[in-house]
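The values are calculated or read from the model by the stated rules, or taken from the named source; none is laboratory data. In this text, all values refer to a predicted model and were calculated from it rather than measured experimentally. Ideal geometry is used to build each Cβ from the backbone, glycine not excepted, and the neighbour counts take in all protein chains shown.
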Amino acid sequence: MANGSAQFAMTRLSRVDVEGLGKSFQLGGRRIEAVKDVSFQVRDGEFVSLLGPSGSGKSTVLNIIATLLPMSTGRVEVDGQPIISGKTTPNVGYVFQRDTLFPWRTVAKNIGYALELSGMPTAERRERVAAAIERVGLRGFEDAYPALLSGGMRQRASLMRTLVKEPQILLMDEPFGALDTHTKLDMHDVLLKIWEREKQTVLFVTHDLGEALTLSDRIILFSARPGQIKETFEVPFARPRDGVALRETAEYAELFSHIWHSLGEEFIKGRAT
Amino acid sequence: MPTLGWQAVIVLAFLSIWQWGWSLHAFAPWAVPDLFDPYFVSKPSEIWSTFLQLGCLRTDEGHYVSWTSGEFGQCLARSDNNLWLAIGVTMRNTVLGFVTGVASGFVAGLILGRSRRLSTIFNPFVVALNSIPRIALAPVIILAFGIGDASKVVTSWIVVVFLVFFNTYEGARSVNTDHINAARLLGASEWQVTRTVVMPSAMAWVFASLSPAVSFALIGVIVGEFIGAEHGIGRLIIESEARGEAAGMMVAVFVLMIVGTVLTAGIRRLQSYLLRWQDQHQADAT
Ligand SMILES: Nc1ncnc2c1ncn2[C@@H]1O[C@H](COP(=O)(O)OP(=O)(O)OP(=O)(O)O)[C@@H](O)[C@H]1O
Ligand SMILES: [Mg+2]
């Protein structure tokens, strides 16, 4: 399976370069080493998941790449440029786990927010927002405030708020972590459809192995604290994928149980510390 | 009985006791405190007729003013602090003090709320200034700005500004950092974060201070007028008091009540428009 396309992938341009990344926090006089010597690359158009138990530093890594957190050691480059903490990198979009829609803006105004900031003319903005709303099936909810929406609808709106300015690199921190199983499967379809069309470079944080397998080209498994890369798995399933049908296949079951054991060890270690 | 019914009963009972309570004094002095003496508190009927006279709606002789004969205008011209002019002057100064107080308190609160450094530097001064009872400054302000409108606006400004400042400051400090991060990552500059995230989220806090701010603004103006003024409702009260006319004072008090209610209702409407997202929010949360 991992032949031609993987070969081609190797030659593709690297968009995110993480080299020897380390991060420790000062917590009440104690120094907590959250992430230790993490190195990986995400190539152009690749969908990579960071998988690991809670507290393994996945969000920390993602937040450092997103410039929300300064790193302690190491080096991160996006499109060959070292990132500067606190200064957002253009072309990078971020989707949060927690609901961060602005409650004082309607769905349409939330989605149009980034375009509004960049000063796009109203007519063009309306068009882009309408198209975005259409794509995730939020028609009829343009003028609703987020408080009225279900969790799934809110996450669709969040997704489009980030995607509307067409970032080529997408960082996602457990964006569907708070959703129920069915809504989550729906969202996987929504995301896969968008990604298969636009082929963003995605770095996706999750602790849900099924989700990682459904979505990714590659899974980077994190160990319990201090977060380090334990293993990397290629996910060779054919594209386009159907999240539900995929789960019924034998190759899925096989890879699932293989990674599950490795992940299980880390969960146990994580509990012990 | 519906709410409105109960409210009507309470108002009627209150007015009746006020109107006729004193008549019982002759029979049962122990039941009616001396404070009910109309010399101090007047009576609803007297207050009403004084209102008609002060407002040039009825002449001293008792007949109703006819609009067409120009009597109304002549009556108004006779007194340079007639009721309508007094209301106009007091309201204008209140609104000016309120608007300037809200604007400057809001801006100062935003700046200090957004900058940890500035808020640390200014903290002791703010605390010290805030512990001055602002009304104590009214005589100083009259001395400095004279007995004209300026001193009333300044007095009213000074009582409003701190209130709004503290609320805006707290509001700006308690903005959800996730929202700020989201805005930054979507490309917002510092100023855009302030304008599109901090201001709307602080708005609920700001509005919480606006209803009291209206009352405070009115208090500021009235106290200023007590100390020295040519026009205004406060001045009207002082004049009536000097003449021992309780009814005149009560007319002014009622007028103030109405002015305050009208201004507060205006704020409420503005609030429910600007914070319309919150109504749904709260309905959803409860
Ligand atoms: N601001 C902080 N101050 C102190 N410690 C922190 C801070 N942020 C994270 N940590 C610690 O760093 C470690 C890694 O946290 P992180 O949030 O990156 O984990 P995670 O893998 O994303 O977990 P989860 O799946 O629960 O989101 C945790 O042990 C956490 O306690
Ligand atoms: Mg996390």
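With the structure loaded, tell me whether B:Ala217 is out of contact with any Asp or Glu (no Cβ under 8 Å at 6 or more places or on another chain), surrounded by fewer than 22 Cβ atoms within 10 Å (Cβ to Cβ) and in a helix (DSSP H, G or I) or whether it fails that test.
On the way: out of contact with any Asp or Glu (no Cβ under 8 Å at 6 or more places or on another chain): yes; surrounded by fewer than 22 Cβ atoms within 10 Å (Cβ to Cβ): no; in a helix (DSSP H, G or I): yes.
Considered against the rule, which asks whether it is out of contact with any Asp or Glu (no Cβ under 8 Å at 6 or more places or on another chain), surrounded by fewer than 22 Cβ atoms within 10 Å (Cβ to Cβ) and in a helix (DSSP H, G or I), B:Ala217 comes out as no.
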Subject >> Any hit, region A:79-86, residues being within 16 Å of ligand 1 (Cβ to nearest atom), more than 17 Å from the chain's Cα centre (by Cα) and surrounded by fewer than 23 Cβ atoms within 10 Å (Cβ to Cβ) >> reply: yes
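So which residues in region B:58-95 are out of contact with any Cys (no Cβ under 9 Å at 6 or more places or on another chain), modelled with pLDDT of 90 or more, surrounded by fewer than 17 Cβ atoms within 10 Å (Cβ to Cβ) and within 17 Å of B:Val251 (Cβ to Cβ)?
Correct list: B:Leu85, B:Gly88.
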Original post:
Among the strands (runs of 3 or more DSSP E) confined wholly to region A:201-258, which include 2 or more residues that are surrounded by fewer than 17 Cβ atoms within 10 Å (Cβ to Cβ)?
Top reply: A:229-234
Original post:
What number of residues within region B:2-28 are hydroxyl-bearing (Ser, Thr, Tyr) and surrounded by 10 or more Cβ atoms within 10 Å (Cβ to Cβ)?
Top reply: 2
Original post:
Of all residues in region A:153-195 being basic (Lys, Arg) and away from ligand 1 (no atom under 16 Å from the Cβ), which is farthest from the other protein chains (Cβ to nearest Cβ)?
Top reply: A:Lys193
Subject >> Residues located in region A:64-78, provided they are within 16 Å of the chain's Cα centre (by Cα), more than 10 Å from chain B (Cβ to nearest Cβ) and either farther than 15 Å from A:Glu19 by Cα or more than 16 Å from ligand 1 (Cβ to nearest atom) (or both) >> reply: A:Val78
**OP:** May I ask you to say which residue of A:Val42, A:Val61 is within 12 Å of ligand 2 (Cβ to nearest atom), buried (at least 22 other Cβ atoms within 10 Å of the Cβ) and more than 14 Å from chain B (Cβ to nearest Cβ)?
**Re:** A:Val61
**OP:** Taking A:Leu191 as the residue in question, decide whether it is of a type in the set (A, V, I, L, M), touching a residue at least 40 places away in the same chain (Cβ under 8 Å) and not in a loop (DSSP other than H, G, I, E, B).
**Re:** no
Original post:
(1) part of a helix (DSSP H, G or I); (2) more than 14 Å from chain A (Cβ to nearest Cβ); (3) surrounded by fewer than 20 Cβ atoms within 10 Å (Cβ to Cβ): which one isn't true of B:Gln271, the others all being true?
Top reply: (2)
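Return the residues of region B:244-265 that are within 30 Å of B:Ser201 (Cβ to Cβ) and loosely packed, with under 13 Cβ neighbours inside 10 Å; say none if nothing qualifies.
B:Thr261, B:Val262, B:Ala265
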**OP:** Go through the residues of region B:235-242 one by one and say whether even a single one is surrounded by 15 or more Cβ atoms within 10 Å (Cβ to Cβ), closer than 19 Å to B:Lys152 by Cβ and in contact with a Ser or Thr (Cβ under 7 Å, 6 or more places away or on another chain).
**Re:** no
Subject >> Leading residue by the ranking (farthest from the other protein chains (Cβ to nearest Cβ)) among those in region B:189-214 that are surrounded by 18 or more Cβ atoms within 10 Å (Cβ to Cβ) and of a type in the set (Ser, Thr, Tyr) >> reply: B:Ser209
